[in-house]
Amino acid sequence: MSRYIKCYRCGDTELSPMCRDITPLNAELVFCSRSGSPRTPLLEPDINDRLEELASSGVEGVVVVPLGFVSDHMEVKYDLDTEAAQTARDLGLDYVRASTVGVDPVFVSGLVDAALERAAQYRGEPVDSPAVTPEGPLSPGSGSCSTTCCMGRDQKPTTPNWDSLTASNRP
């Protein structure tokens, strides 16, 4: 099972208790594009193929949620709003696509708060007002990554090392 699908299922498990009083909808994970080989299991089933299967089984409509996308960029606009919407129309399916968060002020503010919190942690400063979890600051296992995960395998400087530049290549 791919890491992406594991993360999706983990989120589904964590959110389920919060939705106890809501009648659940049938839901499944499908993909809206192929960025690699069609044999890559991560990218299947394709949404258009699944829409055909659903229509042939008697489903009358679908709600599409672009998980993993925070904005309506070309992959969402073309693959979902153009291609999948047309497939649904051709099949006689009702089709609704949920909005992405885009530049919603609450979402953007949360990103800023999380970045400031992570920067404070990286500098070794205490975090008095956690941005994401009421249980405390971000930490491994709190739904966030470690403070060093974005560094990759190799340490990369985040500021120029002016001493390593020769006089001929200095700005």
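The values are calculated or read from the model by the stated rules, or taken from the named source; none is laboratory data. On a predicted model such as this, the values are computed, not experimentally measured, just so you know. Positions of Cβ are generated from backbone atoms using ideal geometry, with glycine treated the same way; all protein chains shown enter the neighbour counts. Ligands, DNA and RNA are excluded from the accessible area calculation, which covers all protein heavy atoms including side chains. Shrake-Rupley method; radii C 1.70, N 1.55, O 1.52, S 1.80 Å.
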Can you tell me which residue is nearest to the chain's Cα centre (by Cα) among those in segment 100-124 that are loosely packed, with under 11 Cβ neighbours inside 10 Å and not in a helix (DSSP H, G or I)? Val103
Output yes when any residue across segment 47-55 is closer than 29 Å to Pro105 by Cα, modelled with pLDDT of 85 or more and open to solvent by less than 40 Å² (accessible area, probe 1.4 Å), and no when none is. no
With (1) in contact with a Cys (Cβ under 9 Å, 6 or more places away or on another chain); (2) farther than 15 Å from Ala27 by Cα as the list, and Val64 as the residue in question, which single condition is left unmet? (2)
Quick one: how many residues across segment 68-99 are open to solvent by 80 Å² or more (accessible area, probe 1.4 Å) and within 19 Å of the chain's Cα centre (by Cα)? 4
Condition first: of a type in the set (Asp, Glu), in contact (Cβ under 8 Å) with a residue 12 or more places away in the chain and not in a helix (DSSP H, G or I). Can you find one or more residues in segment 67-74 that meet it? yes
Criterion first (farther than 27 Å from Asp104 by Cβ, at pLDDT 90 or above and open to solvent by less than 80 Å² (accessible area, probe 1.4 Å)) does Gly61 satisfy it? no
Check off (1) over 30 Å from Ser56 (Cα atoms); (2) modelled with pLDDT of 70 or more; (3) not in a loop (DSSP other than H, G, I, E, B) for Ser168 and give me the number that stays unchecked. (2)
